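The values are calculated or read from the model by the stated rules, or taken from the named source; none is laboratory data. What you see is a predicted model; the values in this text were computed from it and never measured. Don't worry about glycine lacking a Cβ; one is built from the backbone with ideal geometry, like all the others, and counts go over all protein chains shown. Just so you know, the surface numbers come from the protein's heavy atoms only, side chains and all, with ligands and any DNA or RNA stripped out. Shrake-Rupley method; radii C 1.70, N 1.55, O 1.52, S 1.80 Å.
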Amino acid sequence: MSNTIKKLELMTFQIGDYSFGIDINDIQEINCHARMSKVPVDYEAVAGVINLRGEVLTVIALGKMLGIKSSNAGSGSSNYIVVKTANHRVAIAVDKLKDVETIPASELKHLPANFKLSNQHVLMGLVQKPEGLLLVLDSTRVTQLGILNLAVAC
Amino acid sequence: MSNTSNLADDPELVAEFTMEAMAGLTQVDQSLLALEQGPDDEAVNEVFRAVHSVKGSAGFLGFESVQNLAHEFETILDRVRHHTLKLNSEGIDVMLKVNDSLKSLVEAPASHLDLESLIKSLKDWEAKQNHPIPEDSPAVVAQASDVEMRIEESSNQIDASIVQLADGLEINDNVNLEKKSVPEVIEAIRNAFSVETAAAPVSVPATLEVAKQSVKVADAKPLPAAVNKAVPEITAPAKSSLAVPALNAATTTSTSASPTASPVANPKASAHDSTIRVPVTVLEELVTLAGELVLSRNQLLRMIDSSKLRSFTAIGSRIDQVTTSMQDAIMSARMQQVSILFNRFPRLVRDLNQKLDKRCRLLIEGGDVELDKTIIEALGDPLTHLLRNSLDHGIESPEKRVKARKPAEGTLQLKAFHEGGKVRIIIEDDGAGVNRERVVQKAIERGLVPADAAHRMSDREIVNLIFKPGFSTAEVVSDVSGRGVGMDVVRTNIERIGGTVDVESDAGRGSRVHITLPLTLAIIPSWIVQQDDFQFAIPEAAVIEFISLTPSDISKRLETVNDSEMIRWRNGLLPLIRLRECLPTSCRVIDRRQRINKIVVIETGIFQFGLAVDQVCDPEHVVVKPIGNHLGQCGYLEGVAVLGDGNVAFILGMQGIAERARLGVKVESVPDESVKIDVKRNESQAAVILRRRNGNLAAIPRMVLQRIERIDPTLIQKSTNKLIMPYRGEQLQVFELDPGLLRRVRIQRLDHCYVAVFTIREVEFGLLVPEIIDIRDISTAVSMNESVRRAVCGTVLVDDVLVELLDLYAFADEKLREPVVIQEQKEIPIAPSGRHSIESQSIEVGKVNVDWSQFTILLAEDTPFFRNQVQKFLEQSGFNVRISDDGQQAWQFLSDESNKVDLLLTDIEMPIIDGFELALKVRSSPRLQDLPIVAITSLHTEAAQRRGKDVGIDEWQIKLDRDKLTNAIQRQLLSGKRISVNYFSEAT
């Protein structure tokens, strides 16, 4: 994998105390003013839905799904990253948008064995940065979450 | 034959074929036109390939006319390809024509075109070319000079006729018109142009020349106007024939005289050009964007309103108008003619006539009525079912009809028309009509209506009883009807697309089914209701009425029985569901019992209940959006509606709500809450339902049975303790499900009973069935009950009635082990099954002993019942079984390299990742690509199987057919290089 992709261009953002990155090629857009509606279902990790130009997208509370407690994302006014792969599209609620960073693919490392977040299979790996760890999301997995992933309690 | 007609009935398959074929044939057009420019081998090959593939797939689908025509076309193209035949423009002409007909055949395979003459013209041309003339031969030169001569002649004639025309017009202007002269002028013009058209196909430059001449005519202009003034009705043809070449010449000369333009106007071609194919996704996106535009418009209007900027008001309302008309226009683009659907029925009727030995003609009216694409697609099955029903049950045999003084040939009418903003479809037959007495009697028998109520019912109500679930008067199971799809399914399907069905019937004179459909699905008239923090949309079609209750009413009208609430409504009791209780706890504003105030009375095909909501807001036409697939799985939300103010409302699925409220599940019939399995809604299997001696209902999965024979009970004879009946020239051992059944059948002097034939270890057995109650789809939500006898593997609810699910294999195993019965089946132990294999875990296959426990099978199955069943008997057969609840789990398991899996056994219909996708994933993984995959499913269609093959599924097996399944697994495990030799050990 790392041989074929020379460089990763990542959109970085903050959820709780954690920094995340996601491949910018999988980002359809970033939306800061969509109004979110709550959904009458019992899935912890579903923050709600947004009406994006007539298309209704599920908003994933990534923080809740991964079990990050310090996150407010998805509860108040929020920023949404709309992730798009093949046939699926979801919005991720994030606390703070940061920057676009280019990182050599070789710096993407596997998660250490004792790394424990719930549903961490949505992470492709991590990048060590001077200011801390950057967790890199696997967009395909993020867009194809199953009920079980969403229903988890923190 | 029946196979191919089934294939052609699969709308998806046909649509795919149509799309592909049309794309190919359009390419053919272009290539042919390119060939007209000069020989080009690649273009010829392209044409050949396209026609060949159309022929292939048409043959596969059984579209004979397409196939035949394509075949002839292909034969000739093949010769062209091998240079034994030379293409000329005449040939291309013929080919283009053939291609046009192919296209229209592909679009509507049932349409009747004069293929004979078409094929003949193709062959004529071929024959003509069979004596090819060398290119530079004198004949060609002669021909060319001949043509030139004719052209000169024709242009002279045109010149002359123009002079004549001018003269004529002059005369005309002078009013002293001699009546004779005008027709003369016209005649002259006509002559001139007939020469021109005859010359046209031969030589392009010639036509250009002619066209240029006509430009002169046009330039000399005031002509058309003058002619019009003089004698409009006669000159019209002359005018048009003048105008067309003039126009063409004008365009061709301006584009530096490209010689392709033909001056002969082809009205058909222009009709083709006026439509273009647009992918549905593009249309859908347009619909979405239009919806969004509506919302933005609303915001804009609101802003203009509040800011009191008068000057913007006009612009605002203009945008308002344009948006509305744009939305309408886009919506209309989704419309399709119902003829797409209707056109497949003549074939169906023809086939059924033959099969059922009836005579019936089908009259179709209103094929040009347009409906939303989605509705057309959803309408196919219900309509087919209704037509089958009419033919099978409605139209009598010719003899009976003659006896009843009706024409021997029955008439079936299928009509579509617009009425009051909706589309109505009527299916009318002049058959026997519905027998009211029998319907009432059956309905009472089945407990669908209480006896006393039945006698007070109106005729119409009685006839419409046939839509009740569980209703079937069919006494004979034929392969035409009684296929496990009842009228209730027809009704549910039609209601799902927002329509209604109704039957009228005159006994002895025929029946009439009315279907009323909305024009489009994308916009649904709905009622918006409010509950806690949420707005919900309830489709208007499901709402009967609203009840508003004051607190004092409530005490009078609310009844509570054993925690179930009911409300008195129209002299009856209506189950009451409080919407808040259907919402997850976290979504309730306050966790208190909802006060009853407004009640929406809901009726769907299956349920009728009152839904208590906080507030009923406005009726609104909502634009329906799909809900994300994660959210859709909660069961009670069917979609999202974006309201006019941009807010979203959730569309309530009434089935899901009813299930959530456990409506209709009788408390006493649930054996044990802990073994009750959550209902998965979209999986079901056809089952034969019969009555046991103790009165219980029992079901046998249809797919386990080979066939059902209707026999005379006296055919069954007793020998020692076995029951034997003759069957296809051999002896068939028949089992009684309950002892003494046969005796009872004989005592009751029944003139017929049924024998269900099934196969165990390649030997056929029969099961005596005195009475078949129904053949229908039953849910796979089976509660397992280990304690009951082995023959019963579980229980399932069918219309609230508890039905025992029979395990015929266990039952037969048990019977065969009974001491008196000689175990003659031992000689064929290809597949171990049941208890035989528990003792001997290894069985003989060929010459090697295989210890099956070396193999690990991964079973991916989401239905707990099947999962347990299959796991149980695989383990009995000695395999090591690992299970996963769905495709995703299975994939995770497989992805882990530490897990050794020798074979993947997967269900097809699963949430998140289905069987197809799972197989694809496996096949695309380098490590797993050789893993044998066996699919087990209740999805037994050819299309599904084909798709299975495409994604790399090795075998396709039916659930619960354990012999075949074990066989298949063993075969796959032992086949070829997939496993190492280590697993084998020489037999001692």
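Rounded to the nearest 20, the size of the Cβ-charge dipole of region B:524-664 about its Cα centre is 400 debye, with Lys and Arg at +1 and Asp and Glu at -1.
Distance between the pseudo-spin-label points of A:Ser106 and B:Glu365 (7 Å out from Cα toward the beta carbon): 8.0 nm. Both chains summed, the buried accessible area for A and B stands near 2300 Å², from protein heavy atoms and a 1.4 Å probe.
Can you bin region B:499-601 into rounded, prolate or oblate? Criterion: square roots of the alpha carbon gyration tensor eigenvalues sorted a ≥ b ≥ c, rounded for a/c under 1.5, prolate for a/b above b/c, oblate for the rest. Oblate is the answer for region B:499-601, as a/c is 1.5 or above yet b/c matches or exceeds a/b.
Charged side chains reduced to their Cβ positions (Lys and Arg at +1, Asp and Glu at -1) give region B:281-333 a dipole of some 420 debye around its Cα centre. Of the GluC sites (Glu not before Pro) in region A:87-147, the ones in a loop by DSSP (not H, G, I, E or B) with at most 11 other beta carbons within 10 Å are A:Glu131. Decide, for region A:7-146, between rounded, prolate and oblate: order the square roots of the alpha carbon gyration tensor eigenvalues as a ≥ b ≥ c, take rounded if a/c falls under 1.5, and otherwise choose prolate if a/b is larger than b/c, else oblate. It comes out prolate by the Cα gyration axes. Please go through the residue pairs B:Lys103/B:Lys625; B:Lys373/B:Lys921; B:Lys103/B:Lys128; B:Lys103/B:Lys415; B:Lys718/B:Lys964; B:Lys815/B:Lys872 and name each one whose alpha carbons sit more than 28 Å apart in this structure. The answer is B:Lys103/B:Lys625; B:Lys373/B:Lys921; B:Lys718/B:Lys964. Please list log₁₀ I(q)/I(0) at q = 0.17 Å⁻¹ for region B:524-664, using the Debye equation with identical point scatterers on the alpha-carbon positions. Here the Debye-derived log intensity ratios amount to -0.94.
For region B:869-926, GluC sites (Glu not before Pro) meeting the loop criterion (DSSP other than H, G, I, E, B) and having at most 10 other Cβ atoms within 10 Å: B:Glu897. Give the shape of region B:345-448 as rounded, prolate or oblate, defined through the alpha-carbon gyration tensor: a ≥ b ≥ c are the square roots of its eigenvalues, a/c under 1.5 means rounded, and otherwise the shape is prolate if a/b is larger than b/c and oblate if not. Oblate. Taking all Cα pairs closer than 8 Å and separated by 6 or more residues, the relative contact order of region B:861-904 comes to 34 percent. The residue among B:Leu286, B:Ser311, B:Gln299 whose Cα reaches farthest toward the positive pole of the charge dipole of region B:281-333, with charges on the beta-carbon of Lys, Arg, Asp and Glu, is B:Ser311. Among the residues of A:84-91, the average count of other protein chain beta-carbon atoms within 10 Å of the residue beta-carbon is 1.
Only the Cβ atoms of Lys and Arg (+1) and of Asp and Glu (-1) were treated as charged; on that basis the dipole of region A:7-146 about its Cα centre amounts to roughly 240 debye.
Using C-alpha pairs under 8 Å with a sequence gap of at least 6, the mean separation divided by the residue count of region B:2-129 gives a relative contact order of 27 percent.
From most to least packed by mean Cβ count within 10 Å, the peptides B:452-463, B:287-298, B:726-737 give B:287-298, B:726-737, B:452-463.
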